[in-house]
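Step one of this worksheet: look at the structure below.
Readers should treat all values here as calculations from the given coordinates under stated rules, not as data from a laboratory. None of the values given here were measured: they were computed from a predicted structure. With ideal geometry, Cβ positions are generated from the backbone for all residues, glycine too; neighbour counts draw on all protein chains shown.
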Amino acid sequence: MNKRVVVAMSGGVDSSVTVALLKEEGFDVIGITMQIWPEDSKVERFGGCCSIEAAEDARRVANKIDIPHYMLNFRKIFEEKVIDYFCEEYKEGRTPNPCIRCNQLIKFDILLKKARELDADFIATGHYARIEYSEERKRYLLKRGIDEKKDQSYVLYGMTQEQLAHTLMPLGSFTKNQTREMANKIGLSVADKQESQEICFIPDNDYGRFLRERFKNITKQGSIVNKEGKVLGIHQGVIFYTIGQRKGLRISSPRPLYVIDINKEKNEIAVGNNDDLFKKELTADNLNFILFDKLTESIKVKAKIRYLSPKADAVVYPLKDERVKVVFDKPERAVTPGQAVVFYDGDLVVGGGTILEGRLL
């Protein structure tokens, strides 16, 4: 009997080609689209991989490739695990990455469990990353996708050994252009479909509007201060600001000013010049390691502090209370609490965690 795989179908070219490749390899393929838009919501505000149009595209692709396709209702769990988390992080003055949260708790947790209920051996996604088993290490490894511009390993650092063992990512060995070429060759209608760059539940990218609608009286004004504590202006609410932000400060200054700190307790935003954004080290928690179970001694890595940032030389030190300290060879710009720091050894993902704070020294 052919091994069964459940493919998370978003209606885009990547998951569609994933379906085609796996079926060609002889897998028993089932397509599943996760329905996450709230039942009473304005569904037009859900975009990208989460829109009704995307679900229809997934259904058409499934019909074209001749596989069964189902919609699963993940509304409640997505609301609780991703949207509520996103909102609470902003309320605390942090800048979250909901895509990482969705991967950790929805795709590779809840969806994997659903797949096992369907007697599937694997789930599969259209991520540009590679999963391999190392006989030497006796562990599953996560590696960067070969397409440097499309590599998505950063948002997958939270995967466990169990999840890696039951996940397939066939696009990790292809470039995006090759994926589109395959889609055109197969005759898929989504071959040239453009990618969505926004968070799926905020397609207009207006975080402030979204948060105001969910939390009344969240936009409490407060002081904007310089490094010495001198009040320079008034902010409209900490939810509207993130580390490194320049626009929207409404402060007259001979030099550009940037947000360098957000103090939720004081309801205060601190600003400074560009040099003030550079930090030599950071601390992180909510750790997950892939090369080993736990960090017991310092390790040299290449570290990324956001999805699009270049990797930087650093040393990671274990701390008490399941935290780590990351010391960079050269200071990094705009270390942002709430974002992920991910560690690499060449193409291998060592692991990662959530940034708590950055420090100058």
Practice task
Name the residue, out of GLN236, GLN194, GLN152, whose mean-square fluctuation peaks in a Gaussian network model built on the chain with Cα pairs under 10 Å.
Solution key: GLN194
Practice task
Please turn the phi angles of segment 246-255 into ³J(HN,Hα) values with the Karplus equation 6.51 cos²θ - 1.76 cosθ + 1.60 (θ = phi - 60°), one per residue in order, whole Hz, x for glycine and proline.
Solution key: 10, 6, x, 7, 6, 10, 7, 8, x, 10
Completion exercise
Note to self: C-alpha centroids of segment 1-36 and segment 108-126 sit apart, in Å, by 11
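Once you order the gyration tensor axes a ≥ b ≥ c over the Cα atoms, which shape class does segment 177-324 get: rounded for a/c under 1.5, otherwise prolate or oblate by comparing a/b with b/c?
On the way: a/c = 2.04, a/b = 1.23, b/c = 1.65.
Oblate shape, in that a/c is at least 1.5 and b/c is the bigger or equal ratio.
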Exercise for the section: Of the listed pairs LYS114/LYS138; LYS107/LYS302; LYS280/LYS302; LYS193/LYS304; LYS149/LYS311, which have alpha-carbon separations greater than 18 Å here? Expected result: LYS114/LYS138; LYS107/LYS302; LYS193/LYS304
Exercise for the section: Check cross-link reach from LYS320 to the aspartates and glutamates: straight Cα distance under 15 Å, and skip same-chain residues fewer than eight apart. Expected result: ASP285, GLU297
Fill in the blank from the handout: Plugging the Cβ-Cβ distance of VAL327 and LYS264 into 1/(1 + (r/R0)^6) at R0 = 25 Å yields, to the nearest 0.05, a FRET efficiency of 0.45
Fill in the blank from the handout: In whole angstrom, the spacing between the Cα centers of segment 289-361 and segment 61-89 equals 30
Problem - Long-range HN-HN contacts of ARG139 with modeled amide H, under 5 Å - result: SER134
Problem - Cross-link reach list, aspartates and glutamates versus LYS266, counting only Cα pairs under 18 Å and skipping chain neighbours closer than eight places - result: GLU88, GLU89, GLU92, GLU228, GLU357
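Report relative contact order for the chain in percent, whole number only (criteria: Cα-Cα under 8 Å, sequence separation at least 6).
This gives 16 percent for the chain.
Quick check on segment 128-220: take the gyration tensor over C-alpha atoms, sort the square-rooted eigenvalues as a ≥ b ≥ c, and tell me if it's rounded (a/c under 1.5), prolate or oblate.
On the way: a/c = 3.20, a/b = 1.41, b/c = 2.27.
In terms of gyration-tensor shape, oblate.
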